[in-house]
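Only one structure is covered here, and it is reproduced in the block below.
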Amino acid sequence: MPVDMTAHAHGGDILSQPVQLPYSGKTAKNRFWKCAMTERLCTFSEMDEVDRGRPTKQYEHLYEVFGNGGAGVIVTGNIMVQRRFIEAKGNAIIALDLQSNDAASFGVVAEAAKRTGSLILGQLCHPGYQASPPGLSERICVSRLPASGKDGDSADPPPTPLTIQQIEELRDAFVYAARILYDAGFDGVQLHAAYGHLFTQFLSAATNSRQDLYGGSFENRCRFLLQVLQGIREAIPDPTFVLSVKLNSSDFIQPESGFSAVEARYIGQQLEVFRVDVLELSGGAYEFPSALKPTEINRQRHSYYERFAEDITASLTRTLVTVNGALRSAARMRQIVESGKGSFVGLARVLCAEPDLPNRIMSGKAEDAKDNKIPSAGYQFLGAIYQLCAIGEDTEASDYSDERTVDSFMATAKWI
Ligand SMILES: Cc1cc2nc3c(=O)[nH]c(=O)nc-3n(C[C@H](O)[C@H](O)[C@H](O)COP(=O)(O)O)c2cc1C
């Protein structure tokens, strides 16, 4: 486990203590880490494929608000690296075949987020077979789809497995997007290897049965992720550029796809080879409200997460860890940093309701995040997106601690 030298050196609230990232040498001003959240606030034209994925005023304003809220590190929502493979309409896109998305348009976003001293990382993502909406994106996969899953009943033709040439193009697409963000003044990038997107589809044996260099052994299944890290390091020789990777333990919980202790250690060691500053871990049992129920599956999930987190952090000597998942109370956040489980506390949904929660906790004005009375995880996700849009528009975000607001949200909510 990496030794966090700064955690106990300052006195005062541990959450407000700065931390120096081990490889880039950059300093995060405190322990609050704003997790990636898809904003869907960039341009999206149905007719003009080129007019997609460009930052808007709303997107820029959202990051200014998060910067003002005090988080030490801000990770953007997932940015797509190929324009025909998106997670949702309105995603930011930086793609080789979309040269209009230049560094300048992302530069204003970086500047807005960094004005009060936060670090900003752009989260790079490819959804792989999860690309949506159907009909807009092409359909590709690493090798096969999971036996059950969102495409299990689809009438669409099955996606096509990637050729080696396509894999190389994908690596180049990630590297290109990282380079644009570097030129735009971002402090670094995070690779989104969570929630079943493309990197996970390579890592997991449930979706990767390739027989070539990218499948079979665990080392082979890691190859794509590591090649992207290597490509970014080569294209951006500046050692102060921050690299982060996000993994979600729930992606690997099925017996067929689970990480063994040896595999978790292997991936941890490899992250250090490529000087990854921060590994973000999600997937604890407390990620969503339903996970709080004391059911057998939740017990298994939690113990899997704990083991996964322990195995992977045991192999880290320098890379720091961010822990996220339903963190609401400052006491719990302090416990995570004090116990050494994480150097950062990752917050997502609570920041949609209160983007300034980090500042409020550090100034002693808050000890707990506002309650969220939306009853299901799916609707909490949707409610959070509504809040992000409202913040971007500079209007008041709905307060889901209020039952009447929740009732009217549940009566009118529409998936976007
Ligand atoms: C509205 C919303 C959008 C999200 N989008 C992303 C995303 O783009 N990339 C990602 O890695 N995780 C995404 N997540 C997951 C969060 O980063 C985080 O891992 C998860 O919500 C758990 O944190 P929380 O309990 O503080 O919400 C999203 C979550 C929400 C609520």
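The values are calculated or read from the model by the stated rules, or taken from the named source; none is laboratory data. What you are looking at is a predicted structure, and each value in this text was computed from that prediction instead of being measured. Here Cβ is always computed from backbone atoms with ideal geometry, including for glycine, and neighbour counts include all displayed protein chains. Just the protein is used for accessible areas: all its heavy atoms, side chains included, with ligands, DNA and RNA removed. Shrake-Rupley method; radii C 1.70, N 1.55, O 1.52, S 1.80 Å.
Quick one: GLU49 ticks every box in (1) at pLDDT below 95; (2) open to solvent by less than 20 Å² (accessible area, probe 1.4 Å) except a single one, so which number is it?
Condition (2) is where GLU49 drops out.
Would you check which residues across the range 164-212 are open to solvent by 20 Å² or more (accessible area, probe 1.4 Å), among the β-branched types (Val, Ile, Thr) and within 16 Å of the ligand (Cβ to nearest atom) and list them?
Answer for the range 164-212, where residues must be open to solvent by 20 Å² or more (accessible area, probe 1.4 Å), among the β-branched types (Val, Ile, Thr) and within 16 Å of the ligand (Cβ to nearest atom): there is none.
Give me the pairs, please: first residue somewhere in the range 269-281 and farther than 16 Å from ILE232 by Cβ and more than 16 Å from the ligand (Cβ to nearest atom), second residue anywhere and among the small types (Gly, Ala, Ser) and part of a loop (DSSP other than H, G, I, E, B), beta-carbon distance under 6 Å, and either six or more positions apart or on two chains.
Taking only residues 6 or more apart or on different chains, the pairs are GLN269/SER315.
Within the range 143-163, can you find the residues that are at pLDDT 95 or above and buried (at least 16 other Cβ atoms within 10 Å of the Cβ)?
First pass over the range 143-163, keeping only residues at pLDDT 95 or above: 162-163.
Hit for the range 143-163 is LEU162, nothing else.
Does the range 339-346 contain any residue that is open to solvent by 20 Å² or more (accessible area, probe 1.4 Å), under 23 Å from GLN20 (Cα atoms), within 20 Å of the chain's Cα centre (by Cα) and modelled with pLDDT under 95? First the steps, then the outcome.
Residues of the range 339-346 open to solvent by 20 Å² or more (accessible area, probe 1.4 Å): 339-341.
Adding the requirement that they be under 23 Å from GLN20 (Cα atoms) leaves 339-341.
Pick out the ones that are also within 20 Å of the chain's Cα centre (by Cα) and you get 341.
Now restrict to residues that are modelled with pLDDT under 95: 341.
For the range 339-346, residues open to solvent by 20 Å² or more (accessible area, probe 1.4 Å), under 23 Å from GLN20 (Cα atoms), within 20 Å of the chain's Cα centre (by Cα) and modelled with pLDDT under 95: present.
What do you reckon, is LEU98 in the same structural domain as ALA353 (by TED's automatic domain parsing) and in a helix (DSSP H, G or I)?
Numbers: in the same structural domain as ALA353 (by TED's automatic domain parsing): yes; in a helix (DSSP H, G or I): no.
Against the criterion (in the same structural domain as ALA353 (by TED's automatic domain parsing) and in a helix (DSSP H, G or I)), LEU98 does not qualify.
Could you please find all residues in the range 78-105 being more than 16 Å from the ligand (Cβ to nearest atom) and either under 16 Å from the mean Cα position of the chain (by Cα) or open to solvent by less than 10 Å² (accessible area, probe 1.4 Å) (or both)?
ALA95, LEU98, ASN101
Taking the conditions exactly as written (touching a helix residue (DSSP H, G or I) at 6+ places or on another chain (Cβ under 9 Å), assigned by TED's automatic domain parsing to the domain that holds ASN91 and under 19 Å from GLN270 (Cβ atoms)), does ILE180 satisfy them or not? First the steps, then the outcome.
Details: touching a helix residue (DSSP H, G or I) at 6+ places or on another chain (Cβ under 9 Å): yes; assigned by TED's automatic domain parsing to the domain that holds ASN91: yes; under 19 Å from GLN270 (Cβ atoms): no.
So ILE180 fails the test.
Evaluate the following for SER408: is it without any contact (Cβ under 8 Å) to a residue 60 or more places away in the chain and either surrounded by fewer than 16 Cβ atoms within 10 Å (Cβ to Cβ) or closer than 27 Å to LEU21 by Cβ (or both)?
It is true that SER408 is without any contact (Cβ under 8 Å) to a residue 60 or more places away in the chain and either surrounded by fewer than 16 Cβ atoms within 10 Å (Cβ to Cβ) or closer than 27 Å to LEU21 by Cβ (or both).
I want to confirm something. Restricting to the range 364-397 and keeping residues that are farther than 20 Å from ASN78 by Cα and near the ligand (Cβ under 10 Å from one of its atoms), which single residue is most open to solvent (accessible area, probe 1.4 Å)? Before you say what the answer is, go through the steps one by one.
Start the filter on the range 364-397 by keeping residues that are farther than 20 Å from ASN78 by Cα, which leaves 364-376, 394-397.
Within this subset, residues satisfying the condition of being near the ligand (Cβ under 10 Å from one of its atoms) are 369, 372.
Details: ALA369: 12, ASN372: 43 Å².
Looking at the filtered set, the residue picked out is ASN372.
Quick check on the range 32-45. Is at least one of its residues free of Cβ contacts under 8 Å to residues at least 60 places away in the same chain, open to solvent by 10 Å² or more (accessible area, probe 1.4 Å), assigned to a loop (DSSP other than H, G, I, E, B) and away from the ligand (no atom under 16 Å from the Cβ)?
Yes: one or more hits.
Checking GLU138 against (1) modelled with pLDDT of 95 or more; (2) open to solvent by 30 Å² or more (accessible area, probe 1.4 Å): exactly one of these is not met. Which one?
(1)
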